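The values are calculated or read from the model by the stated rules, or taken from the named source; none is laboratory data. The structure displayed is predicted, hence computed values, not measured ones. As a convention, Cβ positions derive from the backbone with ideal geometry for all residues, glycine included, and neighbour counts pool all protein chains shown. For accessibility, only protein heavy atoms count, side chains too; no ligands or nucleic acids. Shrake-Rupley method; radii C 1.70, N 1.55, O 1.52, S 1.80 Å.
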Amino acid sequence: MTQSPVTQDPTAQDPAPQTLSYDAFAQALLALTETGLALPHDILPWTAFPEEAEPPETITKTMWDRYTWNPPQFAAATQPDPYGREDAKAGDKPAWDSLTRHAVHQACEEARQHKHAQLAAELARRTTFTHNARTWQGDTKSAAAITAAALRAAAEPNWPKDFVWIDAANTRVPMRAEDITALAKALSAWQSARRIHARTLKDAITAATTAEAILAINVAQGWPEHATQPQ
């Protein structure tokens, strides 16, 4: 039975995460700088003061709410010369929701790139189909050859009695004109079903609104049953 990919209600609104990894937090801040945010003294929080401290692994909303956005010690510790100058200060501290929004967006984009690559690889390896209990090659070159043979069968009244077609197991299969025509029709049906399922998966990847939902989509499931993989 064909299984549907994981989908998510596009109208559902997930609450803002209460915790971000430091990497996600830093990437969100850097993304905000591209929209005009100025960091205090061009320094990412928790990276320069005190100098011996390592950035925390995670940032919570509580930590961010308590964080002083323009600590004077940043300037004293890292840029003594402009210490106290107004141009060394940033604008207002961004809201936690702004940070999480950018973090979720970035995580979704990375997950989509990963899942689209998985889908492309899965689509590329599905190059065979079944017809009359045999497996046949349906890659671009083989499909063109089958189509050309079917056109020839329709045009030639005297079909060669010794005509054969080689299946995916390298077996020479005798083919009458009507047989090659039927094979071409099976190929077309498989190509259409394969294309529709790939589009369904692509749409599901695009519609998902969280990285978790995107990564949960199984691109290996649900392909048409008459599309098989080489042994």
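Before moving on, here are some points about what is shown:
- Once the range 35-53 is narrowed to residues that are open to solvent by 70 Å² or more (accessible area, probe 1.4 Å) and under 28 Å from residue 110 (Cα atoms), the residue that is modelled with the highest pLDDT is 35.
- Filter pass, residue 204 being modelled with pLDDT of 95 or more and under 28 Å from residue 102 (Cβ atoms): yes
- A search for C-beta distances below 9 Å between a residue of the range 151-164 that is farther than 10 Å from residue 177 by Cβ and any residue that is exposed (fewer than 11 other Cβ atoms within 10 Å of the Cβ) and not polar (S, T, N, Q), counting only pairs 6+ apart in sequence or on different chains, returns 161/174; 162/174; 164/172; 164/174.
- Enumeration of residues in the range 25-34 that are within 22 Å of residue 61 (Cα to Cα), open to solvent by 50 Å² or more (accessible area, probe 1.4 Å) and either assigned to a loop (DSSP other than H, G, I, E, B) or touching a residue at least 40 places away in the same chain (Cβ under 8 Å) (or both): 27
- Yes/no for residue 211 being open to solvent by less than 40 Å² (accessible area, probe 1.4 Å) and closer than 29 Å to residue 106 by Cβ: yes
- Residue match in the range 61-79 (condition: within 31 Å of the chain's Cα centre (by Cα), at pLDDT 80 or above and either open to solvent by 40 Å² or more (accessible area, probe 1.4 Å) or within 29 Å of residue 201 (Cβ to Cβ) (or both)): yes
- Residue, farthest from residue 29 (Cα to Cα), within the range 80-99, restricted to residues that are more than 35 Å from the chain's Cα centre (by Cα) and either at pLDDT 85 or above or basic (Lys, Arg) (or both): 85
- Filter pass, residue 157 being in contact with a Lys or Arg (Cβ under 9 Å, 6 or more places away or on another chain) and more than 30 Å from residue 108 (Cα to Cα): no
- Scanning the range 179-208 for residues that are open to solvent by 20 Å² or more (accessible area, probe 1.4 Å), in contact with a helix residue (DSSP H, G or I) (Cβ under 7 Å, 6 or more places away or on another chain) and β-branched (Val, Ile, Thr) returns a single hit, 181.
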